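Single-structure report; data block below.
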Amino acid sequence: DSGVTQTPKHLITATGQRVTLRCSPRSGDLSVYWYQQSLDQGLQFLIQYYNGEERAKGNILERFSAQQFPDLHSELNLSSLELGDSALYFCASSISGGASYNEQFFGPGTRLTVL
Amino acid sequence: QKEVEQDPGPLSVPEGAIVSLNCTYSNSAFQYFMWYRQYSRKGPELLMYTYSSGNKEDGRFTAQVDKSSKYISLFIRDSQPSDSATYLCAMKESENTGFQKLVFGTGTRLLVSP
């Protein structure tokens, strides 16, 4: 158990809908990262937050947004869902978000299925 | 072309075999190299990380980085059925970039049979 929690575990929804994925980082970690894992693309970095502020953006679609709250939990919002958004979404956390390497601890993931 | 290339496998070996897993990359700015293990329906967990070139050993696992060839390897000695998982390589640019973006390979599925 990494100490990172994600809810829900599974989510099944329809095209065009909007969903919210939630992540609670390890105690003491200030940075949260979101990743998308699909069969053909592998694990893709979406976005990083550090202590409530956006720190880095990856290949995140405009239909997706995220935020980190004062208690450091984070939410990833996915809207106007398409079939291709079906994937595993992972949250990871690390102590800091600075330049030097910090181990990222991954949560168990949320499996999103868009029908 | 992807920044990080990794053979998806599956790689099937008998118990006790030495396993070699590899990744190639194109971005010469990568300085940190990691190997993650992911069991089915679980999140990735860090196995080893290496800074710049060289070897690093941890128990049955050895990580090698050859920056001149842009090639990294993970060796598993005396492989066990419990090693059956997907192995992901990941890389990060140097400290100058100021953030923690990791670039992952697609993962190699390893199956160790008893």
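The values are calculated or read from the model by the stated rules, or taken from the named source; none is laboratory data. All values reported here derive from a predicted model rather than from experimental measurement. Here the Cβ is made from the backbone with ideal geometry for all residues, glycine too, and neighbour counts use every protein chain on show.
Elements of the type strands (runs of 3 or more DSSP E) sitting completely within segment B:11-52 and holding at least 1 residues that are surrounded by fewer than 19 Cβ atoms within 10 Å (Cβ to Cβ): these cover B:11-14, B:19-25, B:45-51.
Filter segment A:30-70 down to the residues that are modelled with pLDDT of 95 or more and of a type in the set (D, E, K, R), then identify the one that is surrounded by the fewest Cβ atoms within 10 Å (Cβ to Cβ). Result: A:GLU62. Are there any pairs, at least 6 apart or on different chains, whose C-beta atoms fall under 6 Å, with the first in segment B:56-68 and on the phi < 0 side of the Ramachandran plot and surrounded by 12 or more Cβ atoms within 10 Å (Cβ to Cβ) and the second among the hydroxyl-bearing types (Ser, Thr, Tyr) and assigned to a strand (DSSP E or B), and if so, which? If the second residue must be among the hydroxyl-bearing types (Ser, Thr, Tyr) and assigned to a strand (DSSP E or B), the pairs left are B:LYS56/B:THR50; B:ALA63/B:THR50; B:GLN64/B:SER73; B:VAL65/B:THR50.
Does B:TYR36 satisfy the condition of being of a type in the set (Phe, Trp, Tyr), within 14 Å of another protein chain (Cβ to nearest Cβ) and in contact with a Pro (Cβ under 8 Å, 6 or more places away or on another chain)? Yes: the conditions hold for B:TYR36. Filtering segment A:20-77 to residues that are small (Gly, Ala, Ser), free of Cβ contacts under 8 Å to residues at least 40 places away in the same chain and more than 12 Å from chain B (Cβ to nearest Cβ) leaves A:SER27, A:GLY52, A:SER65, A:ALA66.
When B:LYS56, B:LYS67, B:LYS42, B:LYS92 are checked against the criterion of being more than 14 Å from the chain's Cα centre (by Cα) and within 14 Å of chain A (Cβ to nearest Cβ), B:LYS42 stands alone in meeting it.
Among the residues of segment B:53-87, those that are assigned to a loop (DSSP other than H, G, I, E, B) and either more than 16 Å from B:CYS23 (Cβ to Cβ) or touching a Phe, Trp or Tyr at 6+ places or on another chain (Cβ under 6 Å) (or both) comprise B:GLY59, B:ARG60, B:LYS70, B:ARG77, B:ASP78, B:SER79, B:GLN80, B:SER84. Within segment B:69-85, being surrounded by fewer than 21 Cβ atoms within 10 Å (Cβ to Cβ) and without any contact (Cβ under 8 Å) to a residue 60 or more places away in the chain holds for B:SER69, B:LYS70, B:TYR71, B:SER73, B:PHE75, B:ARG77, B:SER82, B:SER84.
Among the residues making up segment A:71-99, those that are surrounded by fewer than 22 Cβ atoms within 10 Å (Cβ to Cβ) and within 12 Å of A:ARG22 (Cα to Cα) are A:LEU72, A:HIS73, A:GLU75, A:ASN77. The residues on offer are B:LYS42, B:LYS2, B:LYS92, and the sole one that is among the charged types (D, E, K, R) and over 25 Å from A:TYR49 (Cβ atoms) is B:LYS2.
Taking the conditions (1) more than 11 Å from chain B (Cβ to nearest Cβ); (2) on the phi > 0 side of the Ramachandran plot in turn, A:ILE12 satisfies each one other than (2).
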